[in-house]
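Here's the structure we're looking at; comments come further down.
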Amino acid sequence: MWLKAQPTELQWFLDAATTYWEKHLPPQDHAETIVVEAFHQDIRVTLRNLVFANAIRRIRPAHLVVLTGVEEDWRRTLWSGFDVALVERISRAFGASDVIDVYDLLEQRRKDPNAGPTVAGRRLPVAAPLDEQTLTAYADATYCRLAKVPRLPADHATRPDYRRRRDLGAGLSALYETLFRTGTVAALVTSHVDYDQWGLSVESARRARVPVIHTQQTGCLKAYGLFPEHDSGTGTFRAELTRQIGQVFEERLWPRRDDLRSAAELIAWRAKVNLGRPSWWRGGVTAAVDLSNPAERDRLRSHVAARFGFDPAKPVIAVFNHAVSDALGTNKELFPSLADWFADTAAYAARRTDAQWLFLDHPSQALYDSTGFFASVAQEHKRHRHIAFHPSAKLSKNALWSLVDLGVTVRGSVSNELPAYGIPVIQAGHSEWSSCGVSTVVEDAGDYWRTLDESIAAAHRGELTVTEEQVRRARLWLWLYRSGSDLVTPLVPQWDVWPATHLLKSMGAAFRHIESDADPLYPAVERMWHNREPMLTRTDLAAPPAGPSFAAAPPGRATAVGPTATIGSPPSAAGTDPALPTGAR
């Protein structure tokens, strides 16, 4: 477990948490339960789940049931230090009635097929697992992730490790169906919605019409929610979320764009200089960008182009490789696999000598690929002088932004970040922000190739740009992601509060010394829960704001913005220190 705290510090935290929740939760004399997963090795993930679940329990009293455990493949690949006993101690401190080691229970079921979970003192009869198609889809995705392979091996169906994965999925599904078919589960709180140990519980919860809360591993407390009233049942959890987030963005945020503009510009400036949470794909000293306008970009472009043997006068297209084994099939995807998209795009690029191509790997490639996939594609195309393959972590954002005229990706964060600074992006798949009008989201493989053709032609005509509206939408999304939907509460320290001793000290102090009557956590969760909203927000986005009206500005002409869209330091408010950006005082 990533919790190497001193034993006395840990016990001090557990005592503080136990006392706090004993005083802040209603009695457990009721039948309902809230199911929380604790499968992730990082303790910060589990703490977010537990805090959110307890916030729900304040408005909907329920027993807390925690699912945990570690399976051999997960331990070997990622969770080398997972400690089930420690998870149970923490869960009990947060008021859990039952802590179920699901893999221990599956082992019991191998000996006794009738062995079922005990919840709130009641032994539950074992249900049947979900359908074969669903089980196969999760087995395939989980196998690829744990083996760190971009595609299933040709002989996977006969491989013992795959058959074992398939059997584990069936056992997990039967357990989840047992829990959610009781009709007494009020919510599922989970940090992930992919792979068998997480995703199959989400499938069972959705089919049982149970709300699913999906917490995030960033910021303070971020969470998405899928409520049965708004679940069409026609797509995956992520596909449903994409649609609902787009609706919120269009109906509640975009009409307020003028009033939120200064806040959005501040967030865009902070993201540009790497303050706050950086993009997941680029952290550290190479994340900051000094470029503020197209003139500065042009001065650097020739220098960077020369490094790759490119002509600065010709268009450069950057293709961002996603983690090739990551959560396959969990949203709308245009190609059979992420590897197929990348390899097919490289083959297309080989034929398109009228553009220059920069293929970048994922900065955490080694965690997702054991096959050398990126290197193999690079080797296949090494003879093509107009194509370069490069490690993304060795290219600064200054260099990247000066060089790239068009970004191409599947679902990575570059598809919302690059447009915020005037660089257009084609997205060959869906992500959570794909319905917000930020990037060019294509709908099928044919549309993808046509859009690439049109973009290259537009680049040669000097017309490859994003519109001013896309830039504003992208910056408004950055505000929503990094600010509007990131709840700041003392009960959940910011993600970067680490190592473990610092984390526990901060949370323990909140439990002991900060009064809960004004904690923003509880009204925010209550608002999300009662309004059945798809995301946790700091303020009520549906309520009319105080002060000037948030009426939509009249539609204007779509103004083209060339890379890199100008962005300097936000103006300082009157009467404040001009050396500090607005909101940073």
Item checked: 16 Å Cα-Cα reach of Lys397 towards lysines, excluding residues that sit fewer than 8 places from it in its own chain -> Lys272
Checklist line | Packing-based order for 67-77, 193-203, 104-114, using average beta carbon neighbours within 10 Å, highest first | finding: 193-203, 67-77, 104-114
Notebook entry, point to check: Just from its helices, what would the mean residue ellipticity at 222 nm be for the chain, if runs of 4 or more DSSP H residues each count -39500 (n - 2.57) and the sum is divided by every residue, rounded to the nearest 500 deg cm²/dmol?
Noted result: -12500 deg cm²/dmol
Checklist line | Using a Förster distance of 60 Å, the FRET efficiency for Arg299-Ala154 (Cβ separation, nearest 0.05) | finding: 0.75
Notebook entry, point to check: So which trypsin sites (Lys or Arg not before Pro) in region 457-521 pass both tests, a DSSP loop state and at most 13 other Cβ atoms within 10 Å of the Cβ?
Noted result: Arg461
Notebook entry, point to check: Where a Cα-Cα gap under 18 Å defines reach, which aspartates and glutamates qualify for Lys111, not counting those fewer than 8 residues away within the same chain?
Noted result: Glu71, Asp101, Asp167
Check: Any idea how far the Cα center of region 397-436 sits from the one of region 299-357, in Å?
Finding: 12
Notebook entry, point to check: Say each of Asp444 and Ala375 gets a label point 7 Å from the Cα, pointing the same way as Cα to Cβ; how far apart are those two points in nm?
Noted result: 3.9
Check: If you look at just the Cα atoms of region 295-365, how large are its Rg and its Dmax in Å?
Finding: 14.9, 42
Note to self: Just to verify a number: FRET efficiency for Arg307 and Ser232, C-beta to C-beta distance, R0 = 45 Å, to 0.05?
What the structure shows: 0.40
Check: So in the chain, what percent of DSSP beta bridges are antiparallel if you round to the nearest 5?
Finding: 25
Notebook entry, point to check: Relative contact order for the chain: what is it in percent, counting Cα pairs under 8 Å that are at least 6 residues apart?
Noted result: 17
Next item on the list: Would you mind putting 513-520, 484-491 in packing order, based on average other-beta-carbon counts within 10 Å, highest first?
Entry: 484-491, 513-520
Notebook entry, point to check: Label points 7 Å out from Cα along the Cβ direction at Arg122 and Asp340: separation in nm?
Noted result: 4.5
Check: For region 51-156, what is the convex hull volume of the alpha-carbon atoms per residue, in Å³?
Finding: 164
Check: Okay, which of region 46-70 sit inside 17 Å, backbone N to the point 7 Å along the Cα-Cβ direction of Ala85?
Finding: 69-70
Next item on the list: With no solvent and one equal point scatterer per Cα, compute the Debye intensity ratio I(q)/I(0) for region 318-417 at 0.11, 0.16, 0.21 Å⁻¹ and report its log10, rounded to two decimals.
Entry: -0.31, -0.68, -1.20
Notebook entry, point to check: In what sequence, highest mean first, do 240-246, 422-428, 450-456 appear when ranked by Cβ atoms within 10 angstrom?
Noted result: 422-428, 240-246, 450-456
Check: Which value, to two decimals, describes the C-alpha radius of gyration of the chain once divided by 2.2 N^0.38 Å?
Finding: 1.00
Next item on the list: Using the charge dipole of region 17-73 (Lys, Arg: +1 at Cβ; Asp, Glu: -1 at Cβ; taken about the Cα centre), state which of Thr33, Ile43, Tyr20 has its Cα farthest towards the positive end.
Entry: Tyr20
Next item on the list: May I ask you to work out the translational diffusion coefficient for region 430-554 at 25 °C, viscosity 0.890 mPa s, via Stokes-Einstein with Rh from the Kirkwood sum over Cα pairs, reported in whole µm²/s?
Entry: 131
Check: Efficiency by 1/(1 + (r/R0)^6): what FRET value for Thr8 and Ala518, r their Cβ-Cβ distance, R0 = 22 Å, to the nearest 0.05?
Finding: 0.10
Next item on the list: Please report, largest first and rounded to whole Å, the three semi-axes of the ellipsoid equivalent to region 32-98, where each semi-axis is the square root of five times an eigenvalue of the C-alpha gyration tensor.
Entry: 24, 10, 10
Notebook entry, point to check: In region 157-214, what trypsin sites (Lys or Arg not before Pro) fall in a loop by DSSP, with at most 10 other Cβ atoms inside 10 Å?
Noted result: none
Margin query: Restricting to DSSP loop positions (anything but H, G, I, E, B) with no more than 11 other Cβ atoms inside 10 Å of their own Cβ, which trypsin sites (Lys or Arg not before Pro) remain in region 349-444?
Written below: Lys382, Arg383, Arg385
Margin query: Once each part is reduced to its C-alpha centroid, what is the distance from region 1-56 to region 204-271 in angstrom?
Written below: 25
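Every read-out reported here was derived from the displayed coordinates using simple, explicitly stated rules and does not represent laboratory data. Keep in mind that this is a model prediction, so the values were computed, not measured. Counting neighbours? That spans all protein chains shown, and the Cβs are built from the backbone with ideal geometry, glycine included.
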